[in-house]
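A.B. asks: The structure follows.
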Amino acid sequence: MYKIAICDDDIRMCEQIERILVGSDLKNMISVEIFYTCEKLHRTLLDGEPFDLIFLDIEFKSMDGVSMGNIIRGELKNDYVQIVYVSSRETYAMSLFDSRPMNFLIKPVTEDKIIACVRKRMELSQGLQKVFRFKAGKELCRVAVSSILYFESDNRKIIVDCGDERYEFYGKLDEIEESVGRNFIRIHKSYLVNETKVIQWQPNCVHLSGGQKLPVSRNYRAAIFEHADVIFPRKREL
């Protein structure tokens, strides 16, 4: 789950960006929080609330967005969160340099540009991804990817099995498969397994290090063969 903040004193602008995000095909992978002042965003960040991406307006009546961006990078020493500045003016380029923004959007914003920023943030995090994020009820959870044995889909519910811990949330296995990286292999319409946790591969099932035995469906067997010959070694002519 990617946590996104929208900070703008224009209520209609906040609502517009929020509608774009929650109406997109990424809606099950993100959560959105709105702030109407930089001071409120600042207090929330000081309390330790993590965000992956902030859409940050520049012009406010009190603390401006450029100052907020410099606080994020300087005072808070937060280089993880990506900042996308939003403004109706194009004259801020040099003043934004110190806060290292990911992008700068000119109002009125478009749906394509907003979604492109979110997808870019996801691509950046996947390259360094060490945790899997998801929302269970109202709680934002983070689990080390290396600790996950497998994901199981049960209708609309996803089960994350970490051996001694199990978590549940609502989502789609297809979207998870795209986000967790190449170490996870689809073996069944309902199962996505961590290849590094497999201790024995068989044509009809896999045995995991936690003692679990999961089925391999016929539809995914060929894809497993293509993934790596070391799983089911093929006969080769000498």
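A.B. asks: Suppose the chain between residue 189 and residue 142 were pulled fully straight at 0.36 nm per residue; how much longer would it get relative to their current alpha carbon spacing?
C.D. replies: Extra length available between residue 189 and residue 142 comes to 14.5 nm.
A.B. asks: Determine the alpha carbon to alpha carbon distance for each of 3/157; 40/138; 27/213; 27/107 and list only those over 29 Å.
C.D. replies: 27/213
A.B. asks: Here's something else I'd like to know. For residue 212 and residue 39, FRET efficiency with R0 = 41 Å and r from the beta-carbon atoms, rounded to 0.05?
C.D. replies: That gives a FRET efficiency of 0.25.
A.B. asks: Could you report region 1-138's accessible area per residue, 1.4 Å probe, as an integer in Å²?
C.D. replies: 52 Å²
A.B. asks: If you filter region 1-110 for chymotrypsin sites (Phe, Trp or Tyr not before Pro), then keep DSSP loop positions with at most 15 other Cβ within 10 Å, what is left?
C.D. replies: Sites meeting the loop and neighbour criteria: 80.
A.B. asks: To the nearest 10 Å², what's residue 68's accessible area with a 1.4 Å probe?
C.D. replies: 0 Å²
A.B. asks: Per the 1.4 Å probe, what fraction of the accessible area of the chain, in percent, lies on carbon and sulfur atoms?
C.D. replies: Of all accessible area on the chain, carbon and sulfur atoms account for 48 percent.
A.B. asks: Distance from the Cα centre of region 138-173 to that of region 1-55, in angstrom?
C.D. replies: 24 Å
A.B. asks: On to the next question. Given the chain, what percent of its DSSP beta bridges are antiparallel, to the nearest 5?
C.D. replies: About 60 percent, rounded to the nearest 5.
A.B. asks: Which translational diffusion coefficient, to the nearest whole µm²/s, is obtained for region 136-178 from the Stokes-Einstein equation, given a Kirkwood hydrodynamic radius over C-alpha pairs, 10 °C and 1.306 mPa s?
C.D. replies: 147 µm²/s
A.B. asks: Continuing with this model, one more query. What number, in percent, do you get for the relative contact order of the chain if the mean sequence gap of Cα pairs under 8 Å and at least 6 apart is divided by its residue count?
C.D. replies: RCO, the chain: 12 percent.
A.B. asks: Scale the Cα Rg of the chain by the rule-of-thumb value 2.2 N^0.38 Å and send over the ratio, two decimals.
C.D. replies: 1.22
The values are calculated or read from the model by the stated rules, or taken from the named source; none is laboratory data. From a predicted model like this one, the values you see are computed outputs, not experimental measurements. FYI the Cβ positions are ideal-geometry reconstructions off the backbone, even for glycines, and counts take in every protein chain you see. Calculation scope for accessible area: heavy atoms of the full protein, side chains included, ligands and nucleic acids excluded. Shrake-Rupley method; radii C 1.70, N 1.55, O 1.52, S 1.80 Å.
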